[in-house]
Amino acid sequence: MNILITGSEGLIGKELVTRLLNSNHKLICIDLKKKNFKSKNIIYLKKNLLKKKELLNSLKGKKIDLIIHLAAFLGVKKSEKYEIECLETNIISTRNVLDICKKLKIRRIIFSSSSEVYGNLYKRAMKEEDSLSPVSAYGVSKVCCETYIKAYAKKKIINYNIVRFFNIYGNNQKKDFVISKFAKLISKNREIEIFGSGNQIRSYCHVEDAVEGLIKIIKRGKKNTIYNIGNNLEPVNLKTLVNFFQKFIKKKIKKKFITFDKSDRAFQREIFFRVPNIEKIKRDTDYQPRIKLAEGLKKIINNEKIHNIF
């Protein structure tokens with residue numbers, strides 16, 4: 001296939017590019033950062049998705065069967081501080097990608113959404129059919145993007161899959177996500193700050209499993225369908241996550257509990273229970289996450305960038 005990937009230099013994007021190149025797909029990769037891979041089967045375009053005309057001109061004449069739209073304004077702290085920028089960046093860039101689909105007659109798109117769209121469902125695994133009640137600007141932007149995509153599909157312009165990712169982690173992730181942040185602080189022997197009681201529950205999914213889910217959706221995903229992608233096998237709270245790290249290192253981890261008013265996310269925007277129901281993607285594509293949390297954390301700990309964690 002000829003596949004266009006936006007956000008190709010992000011955590012999921014890099015892993016996806018590697019996997020697709022190994023399967024001999026031809027890729028066009030768009031990102032604000034410099035290129036990563038060198039291959040005859042890949043074209044890199046350093047472009048801003050907000051500049052639709054420039055983007056359209058760079059894609060004219062290129063064969064594209066599928067767009068995988070990963071690019072987004074990310075990070076809880078960042079999107080809390082810059083709410084308007086988050087909303088505008090995510091919504092306008094997605095609208096531009098959809099308009100490009102229309103103008104260039106690209107019939108299929110896979111959109112990277114988020115578990116943030118669900119808000120708080122309180123001690124129940126989140127299903128794709130659940131009502132959406134986002135509590136953050138980031139979550140609101142993703143709901144808006146999903147709505148645009150469905151509207152374009154109703155007009156028979158595109159077919160889609162919307163993928164709601166749940167707490168993806170892996171090597172080289174930006175340091176404003178909890179696992180990468182904890183790893184970096186531990187490697188520098190610095191204190192970890194835990195917000196609130198530390199009883200907020202998450203179910204973390206390694207990027208290799210997340211991309212395996214994407215690959216399966218490319219091959220077998222049902223048309224115009226939403227899928228959760230995550231690992232529902234090991235829900236843990238933040239205190240337990242720190243204990244996982246503690247098992248692999250020889251020094252005691254310093255930790256401090258702080259109030260929400262000093263945290264990355266205000267109390268009213270915190271999600272206290274986030275676990276995916278993945279029955280739909282398992283049924284339709286045979287997806288099954290395989291990397292246990294301990295194994296995934298070991299991969300991060302052994303990463304050369306934080307080898308001094310021991």
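The values are calculated or read from the model by the stated rules, or taken from the named source; none is laboratory data. Since we're looking at a predicted model, the values are computed, not measured. Neighbour counts run over all protein chains shown; Cβ positions are idealised from the backbone, glycine included.
One table, with the values for the structure above:
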{"quantity": "Residue among GLU146, GLU116 that alone is in the same structural domain as LEU59 (by TED's automatic domain parsing), closer than 23 Å to ARG220 by Cβ and surrounded by 19 or more Cβ atoms within 10 Å (Cβ to Cβ)", "calculated": "GLU146"}
{"quantity": "Selection count, the range 119-156, where residues are without any contact (Cβ under 8 Å) to a residue 40 or more places away in the chain and part of a loop (DSSP other than H, G, I, E, B)", "calculated": "8"}
{"quantity": "Filtered residue count, the range 11-40, keeping only those that are exposed (fewer than 13 other Cβ atoms within 10 Å of the Cβ) and outside any helix (DSSP H, G or I)", "calculated": "8"}
{"quantity": "Meets criteria (in contact with a strand residue (DSSP E or B) (Cβ under 6 Å, 6 or more places away or on another chain), over 30 Å from ASN302 (Cβ atoms) and aliphatic (A, V, I, L, M)) for ILE162", "calculated": "yes"}
{"quantity": "Residues of the range 159-169 classified as of a type outside the set (S, T, N, Q) and more than 11 Å from the chain's Cα centre (by Cα), total", "calculated": "2"}
{"quantity": "The lone exception for PHE111 - which of (1) assigned to a strand (DSSP E or B); (2) of a type in the set (A, V, I, L, M, F, W, C); (3) surrounded by fewer than 16 Cβ atoms within 10 Å (Cβ to Cβ) it fails", "calculated": "(3)"}
{"quantity": "In the range 152-195, the residues that are more than 25 Å from LYS254 (Cα to Cα) and among the β-branched types (Val, Ile, Thr)", "calculated": "ILE157, ILE158, ILE162, VAL163"}
{"quantity": "Selection count, the range 41-58, where residues are under 20 Å from ARG108 (Cα atoms), of a type in the set (Lys, Arg) and surrounded by fewer than 17 Cβ atoms within 10 Å (Cβ to Cβ)", "calculated": "0"}
{"quantity": "ASN189 being over 15 Å from GLU270 (Cβ atoms), assigned by TED's automatic domain parsing to the domain that holds THR225 and more than 19 Å from the chain's Cα centre (by Cα)", "calculated": "no"}
{"quantity": "Filter result (among the β-branched types (Val, Ile, Thr), closer than 15 Å to ILE67 by Cα and free of Cβ contacts under 8 Å to residues at least 60 places away in the same chain) within the range 5-23", "calculated": "VAL17"}
{"quantity": "Selection within the range 53-84 - over 19 Å from SER112 (Cβ atoms), modelled with pLDDT of 90 or more and under 23 Å from the mean Cα position of the chain (by Cα)", "calculated": "TYR82, GLU83, ILE84"}
{"quantity": "Entirely in the range 171-278, the helices (runs of 4 or more DSSP H) that have 2 or more residues that are without any contact (Cβ under 8 Å) to a residue 40 or more places away in the chain, out of contact with any Gly (no Cβ under 9 Å at 6 or more places or on another chain) and surrounded by 14 or more Cβ atoms within 10 Å (Cβ to Cβ)", "calculated": "178-187"}
{"quantity": "Any hit, the range 67-77, residues being surrounded by fewer than 17 Cβ atoms within 10 Å (Cβ to Cβ) and out of contact with any His (no Cβ under 7 Å at 6 or more places or on another chain)", "calculated": "yes"}
{"quantity": "Boolean, LEU87 is crowded, with 20+ Cβ neighbours inside 10 Å, in contact with a helix residue (DSSP H, G or I) (Cβ under 8 Å, 6 or more places away or on another chain) and either modelled with pLDDT of 95 or more or in the same structural domain as TYR160 (by TED's automatic domain parsing) (or both)", "calculated": "no"}
{"quantity": "Some residue of the range 17-39 being among the β-branched types (Val, Ile, Thr) and within 27 Å of VAL143 (Cβ to Cβ)", "calculated": "yes"}
